[in-house]
Every structure is written in C-alpha cells, then in structure tokens.
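Visitor: Here it is, the structure, as structure tokens.
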Ligand code: DGL
C-alpha cells in the first residue's frame with residue numbers, strides 16, 4: 001500500500017513562504033508541509049558540502065513525515081544539493097520519491113521575458129558561485145547575455161527584519177546600482193533567491209520603471225501544476241484536504257509571528273531539530 005502525504009516545501013528560512021503562497025493559490029486542494037531551517041540560515045555563504053548535508057537532512061525529515069514530493073524552494077539548495085540528492089540519494093534509497101528545484105523553471109521564464117536579451121540574475125553568493133543559472137541558460141538560450149550579481153546582505157537583512165531601515169535600503173540600492181552598471185542594456189532582472197520578493201517594494205522603487213522584475217513564486221507554481229498534470233503517479237501519493245503545516249528549526253513563536261504576517265494567516269508553527 002502506498003503512503004499518502006503532503007507536498008513538502010523546503011527553504012533555509014522565510015524565503016520559501018513566497019513560493020508556498022503562490023503554489024497554494026494555484027493548487028489550493030493539496031496539503032503542504034513547510035520546513036524553514038531558520039536556525040541555520042542563511043545558507044548563501046555556506047560551502048557546497050554544508051548546504052548539501054543540511055538540505056538532505058531537511059528532505060529526509062519531510063520524507064519521514066509522509067511527503068513523496070519535495071520542492072526545494074531555495075535557489076542555494078537547488079544549486080548546491082538538488083542534483084546530488086537526485087543522483088546519489090533518491091535512486092538508491094527512495095526511488096519512489098521526487099525532489100524538484102526552482103532553477104530550471106526560472107531560467108525558461110527569463111528567456112521568455114527579455115527583449116534586449118540582456119538579463120540580470122540577483123542571488124546569494126552560493127547560487128552565483130555555482131554558476132547554475134549561466135549553465136542552465138547556456139543550454140537553451142545561448143544568445144542571452146547573463147549578468148550575475150551576489151547580494152550577500154539581503155538574506156540576513158530579511159531574516160533579521162532590518163530591510164526597511166536606512167541601512168537596509170543602502171545595501172539594496174548599492175547592489176542594484178552595481179548590476180545596472182555592469183550592463184545598461186539589462187531589461188529583465190530575476191530575483192533568483194526566494195527571500196528577495198520580500199524586498200519587492202523597496203526594489204521596485206529603486207529600479208528604473210522599464211526594467212521588469214521576475215519573482216519565482218508564480219513561475220514555480222505554474223511549473224509544479226504542469227508537473228502534476230504529467231505525473232499522475234505522484235498525484236496519487238499526495239493528500240488533498242487543503243491544509244498547511246509549518247515547521248521551523250528556530251523558535252516556533254518567532255517563526256509563527258513573522259510567517260503569519262507574510263502569509264496573511266494565523267500560523268502556529270512547530271519546532272523541529274534537524275541532524
Ligand atoms: N532563500 C534561499 C535562496 O533562494 C536562500 C537564502 C539563504 O539562506 O542564503 O537562495
């Protein structure tokens with residue numbers, strides 16, 4: 001008998017909530033289990049080995065709680081851990097389970113939106129150093145000029161609620177100026193970190209109006225909907241009672257308060273220790 005369970009959504013912290021929100025709008029009937037590794041965020045400046053270990057611990061925790069499908073709603077984890085988890089762990093230990101990332105669907109969308117063919121990718125140091133976006137885009141859109149820029153201060157500003165302070169705005173403006181100085185022909189910027197849409201108001205005010213900003217929530221929600229249409233054998237393993245459960249590795253009360261305001265909902269999260 002196959003075990004049924006929720007769809008797992010994982011992020012290093014709060015960022016994946018921006019993806020979960022859009023997924024729920026698109027697929028409201030499904031059950032979801034969100035896990036934020038807030039106690040160990042940010043992942044962006046950590047080594048490949050550490051991000052891989054942390055992500056695999058999180059995925060196993062979601063599998064143990066009945067998830068057959070897990071979305072890594074985190075670019076850093078998708079860039080540094082997804083392929084290895086798929087190749088080394090799933091095929092050997094969990095051939096019936098699936099783990100999906102956010103990079104591939106985002107690159108496809110970037111190519112569709114740009115007219116000048118000059119694009120910007122803003123992400124964590126880990127995602128930029130992995131070169132995942134350049135590598136993915138080179139496969140099917142080799143004519144794109146890809147300008148990557150790491151914004152190492154943005155996730156700490158978000159996790160610590162400092163992004164709307166004068167200091168926070170200084171760092172956001174500084175990074176935006178740097179990427180635009182690299183290439184004035186950029187007409188589309190991808191927020192390739194799921195935390196960054198939390199800054200969307202600040203970013204929009206600081207960027208010229210003609211530059212389109214792409215956030216990943218809707219892109220990932222569309223891509224997941226399409227995946228489920230093509231994979232009825234996975235749909236069969238997902239429960240559908242419209243519930244969401246939230247887990248965090250940090251203090252559950254602090255997480256609940258912030259997640260409630262982000263999701264516009266009354267969230268009571270549970271604490272979980274990963275190891
Ligand atoms: N939100 C994650 C991402 O999309 C990671 C942020 C971090 O922990 O550095 O990359």
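Only the coordinates and a few stated rules stand behind these numbers; no lab work does. The model shown is predicted, which means the values in this text are computed figures rather than measured ones. So basically every Cβ, Gly included, is an ideal-geometry build from the backbone, and we count neighbours across all protein chains shown.
Visitor: Which of 47, 78, 106 ends up with the largest GNM mean-square fluctuation for the chain, with Cα atoms connected below 10 Å?
Guide: 47
Visitor: Between Rg and the Kirkwood Rh of region 29-99, both from Cα atoms, what is the Rg to Rh ratio?
Guide: Taking Rh as the inverse mean 1/r over Cα pairs, Rg/Rh reads 0.95.
Visitor: Using a Gaussian network model of the chain whose springs link C-alpha atoms within less than 10 Å, name the residue from 226, 53, 11 with the highest mean-square fluctuation.
Guide: Among 226, 53, 11, the largest GNM mean-square fluctuation belongs to 226.
Visitor: Now a separate question. Please compute, over every Cα-Cα pair in the chain, the percentage with a separation greater than 28 angstrom. Before the final figure, lay out each step's value.
Guide: Values: 11951 of 37675 pairs.
Roughly 32 percent, once rounded to a whole number.
Visitor: Then there is this: Please work out the Cα center distance from region 203-218 to region 46-62, rounded to the nearest Å.
Guide: Taking the Cα centre of each part, region 203-218 and region 46-62 sit 30 Å apart.
Visitor: While we're here: Hey, what's the Cα Rg ratio for region 1-143 versus the globular rule of thumb, 2.2 N^0.38 Å?
Guide: Ratio of Cα Rg to 2.2 N^0.38 Å: 1.07.
Visitor: Sort 136, 64 by Cβ crowding within 10 Å, fewest neighbours at the top.
Guide: 64, 136
Visitor: Using only the alpha carbon atoms of region 118-275, find the Kirkwood hydrodynamic radius as the inverse mean reciprocal pair distance, in angstroms to one decimal. Walk me through the numbers before you get to the answer.
Guide: Numbers: mean 1/r = 0.0555 Å⁻¹.
Result for region 118-275, one decimal place: 18.0 Å.
Visitor: When the Kirkwood radius is taken over all Cα pairs of region 181-262, what Stokes-Einstein diffusion coefficient follows at 25 °C and 0.890 mPa s, in µm²/s?
Guide: Calculated translational D: 150 µm²/s.
Visitor: While we're on this one: From zero up to wherever the largest Cα-Cα distance of region 120-185 sits, split into 10 Å bins and tell me the percent of pairs in each.
Guide: Answer for region 120-185: a P(r) of 20, 44, 27, 9, 0 percent.
Visitor: In units of 2.2 N^0.38 Å, what is the alpha-carbon radius of gyration of region 1-52?
Guide: My calculation over the Cα atoms of region 1-52 gives 1.37.
Visitor: I've got another one for you. Out of every Cα pair in region 59-196, what percent are spaced more than 18 Å from each other?
Guide: Percent of Cα pairs beyond 18 Å in region 59-196: 60.
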